[in-house]
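What follows is one structure encoded as structure tokens, with my remarks underneath.
The values are calculated or read from the model by the stated rules, or taken from the named source; none is laboratory data. Bear in mind that the values here come from a model prediction, so they are computed numbers and not experimental data. Note: ideal-geometry Cβ built from the backbone for every residue, glycine included; neighbour counts use all protein chains shown.
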Amino acid sequence: FETPQSEVASLIELVRQEMQHAMELSVPLVVDVSVGDNWLDTQPV
């Protein structure tokens, strides 16, 4: 997703929760979140 830098911290947990619980599965779905100015510069958070 693209978002202003000032909103990144508040969106990390929201995105993780929404993606992990988008539907009920019989196995856990783990979502990793990374942040960066472009795909090459992303860092896990």
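See the values below:
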| read-out | value |
| --- | --- |
| Residue within the stretch 26-45 that is touching a Gly at 6+ places or on another chain (Cβ under 7 Å), surrounded by fewer than 10 Cβ atoms within 10 Å (Cβ to Cβ), modelled with pLDDT of 95 or more and of a type outside the set (Gly, Ala, Ser) present | yes |
| Filter result for Val15 (in a helix (DSSP H, G or I) and without any contact (Cβ under 8 Å) to a residue 24 or more places away in the chain) | yes |
